[in-house]
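In what follows, a structure is listed as structure tokens, so that the remarks can point back to it.
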Amino acid sequence: MKKVMLKTTLSLAVTLASTQIFASGFALNEQSISGMGTGFAGRSSSADDASTVFGNPAGMARIKREQVTGGVAFIDAHTDISDASSSPNRGTNKGDMVPFMGVPMGYYVKPIDDHWAFGLGVYAPFGLVTDYENGFAGKYFGSKSEVKIVTVQPTISYAFNDKVSIGFGPTINRIDGKLESNLSLDPRFADGTVKIKGDDTALGFNVGVLVQATDSTRVGLTYHSKVKYKLDGDTKVSYPLLAGLGQNPNQKFDASLDLDTPESIDFSVTHQLDDKWTLYAGSTWTRWSRLKEITVENSGVPAALAARGLGTITEEQDWHDTWAHAIGASYQLNKEWVLRTGLSFDQSPTNNEHRSPRIPTGDRTIFSLGAGWSPTDDLTIDVAYSYLREESVKINNSNGAPRNQSYSSKYENWANGFGVGATYRF
């Protein structure tokens, strides 16, 4: 059972949509609609609106008017599952386990004087929702996950001069998770279920520097810290076989999990070619190698159940560090309209040995389009569209004796992303 739970708890670092589809691992990219239009190229160097609170807090020094930026990104994800086999040899493989969901965001920036600015951001840095059909063949390795992280970031920036600025913001991160898997210790009995929930609040920080290298070129560097969580909650087990072992068929245990979400470094360049064209490029390194293994602790488990795998279990994950690269461009059509496009390449940290139905992702390519409309000097409305296609990946899970359950299949994922947002300047 605990192997089921461990596959489940891997998702306990995540948020409002299954947008692990749009960034490596279970990270989210959707913190800016204007940035989404250029494929998030130039995220740490553009500072186009108040979403720079996340992209690079030093960019607040470039914002000369008090402003609010908000928006939502919608994800329409699809999965084809093929070449599936399982033991027991039964179940369905419909795919499309990701519901249509939205990821909201909001930011506020207020210049204080020629040097100082204050900002506040609320956004989602990681995320996962997967919900397979009831008869899913891989249900023993994960059937449903719904986990959220919401981050609040108060931020300050300081401009040394017209060329160099820095910014810093502590992050207050709230994580909540509800996870489910099926349980079977003996195929002669009906399946049971494992339901886990947990939560925690933890601190991190974002820091950045922005340099106007030439009149037409800016470079930015942003560091997003790791966040160390200790989730506390409970594990509920409902399983008819427990009655035959002299146990209550409905059990509840206190559960805990230590988990670190990884740090990342984002470097980007923004270059204004002329009055019309602006080019963007950027790379992001993420330290996913922190996720070597996951250990779940259940307390108060009777000895008879602990002997059947309901106690402490550690499972290898062996994720690796990743790079994401993006290029983009914007074209100022006229005073009111700016058009954007971008192309991104993002590595997946998972590997063929440990990949599970929870996060069945591979390397991905993302093409983006966007536009900004400013009907007045005070208001800008941004829209964006992204199309993602992943390489096909394979899952090959087994839990060994005495259950001898296994699941293997081939996943092909693709997704459409839609974003709409607005910036209002006071």
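The values are calculated or read from the model by the stated rules, or taken from the named source; none is laboratory data. Computed from a prediction, not measured in an experiment: that's the story for all the values here. Glycine gets a Cβ as well: all are built from the backbone with ideal geometry, and neighbour counts include every protein chain shown.
Structure values in brief
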read-out: Those residues of the stretch 368-393 which are crowded, with 19+ Cβ neighbours inside 10 Å and closer than 30 Å to Q67 by Cα, in sequence order; value: S368, G370, A371, G372, T380, D382, V383, A384, S386
read-out: Top-ranked residue in the stretch 27-63 [being touching a strand residue (DSSP E or B) at 6+ places or on another chain (Cβ under 6 Å) and of a type in the set (D, E, K, R); ranked as modelled with the lowest pLDDT]; value: E30
read-out: Condition met for D80 (farther than 30 Å from F426 by Cα and among the acidic types (D, E)); value: yes
read-out: Breaking point among (1) in contact with a His (Cβ under 9 Å, 6 or more places away or on another chain); (2) closer than 22 Å to N416 by Cβ; (3) surrounded by fewer than 18 Cβ atoms within 10 Å (Cβ to Cβ), for N351; value: (2)
read-out: Condition broken by T365, with the remaining ones in (1) under 19 Å from the mean Cα position of the chain (by Cα); (2) buried (at least 19 other Cβ atoms within 10 Å of the Cβ) satisfied; value: (2)
read-out: The stretch 98-131, subset buried (at least 17 other Cβ atoms within 10 Å of the Cβ) and not in a strand (DSSP E or B), residue farthest from the chain's Cα centre (by Cα); value: V98
read-out: Residues satisfying the stated conditions in the stretch 42-69, i.e. surrounded by fewer than 24 Cβ atoms within 10 Å (Cβ to Cβ) and either of a type outside the set (V, I, T) or in contact with a Cys (Cβ under 9 Å, 6 or more places away or on another chain) (or both); value: R62, K64, R65, E66, Q67
read-out: Counted residues, the stretch 70-97 - those being touching a Gly at 6+ places or on another chain (Cβ under 7 Å) and either exposed (fewer than 14 other Cβ atoms within 10 Å of the Cβ) or over 29 Å from G372 (Cα atoms) (or both); value: 6
read-out: Members of the stretch 394-420 found to be surrounded by 17 or more Cβ atoms within 10 Å (Cβ to Cβ) and either of a type in the set (V, I, T) or in a loop (DSSP other than H, G, I, E, B) (or both), listed by number; value: I395, N399, R403, Q405
read-out: Flag for G282 being surrounded by 17 or more Cβ atoms within 10 Å (Cβ to Cβ) and small (G, A, S); value: yes
read-out: Some residue of the stretch 315-325 being at pLDDT below 90 and under 25 Å from F205 (Cβ atoms); value: yes
read-out: Hey, G135 of a type outside the set (K, R) and within 24 Å of the chain's Cα centre (by Cα) or not; value: no
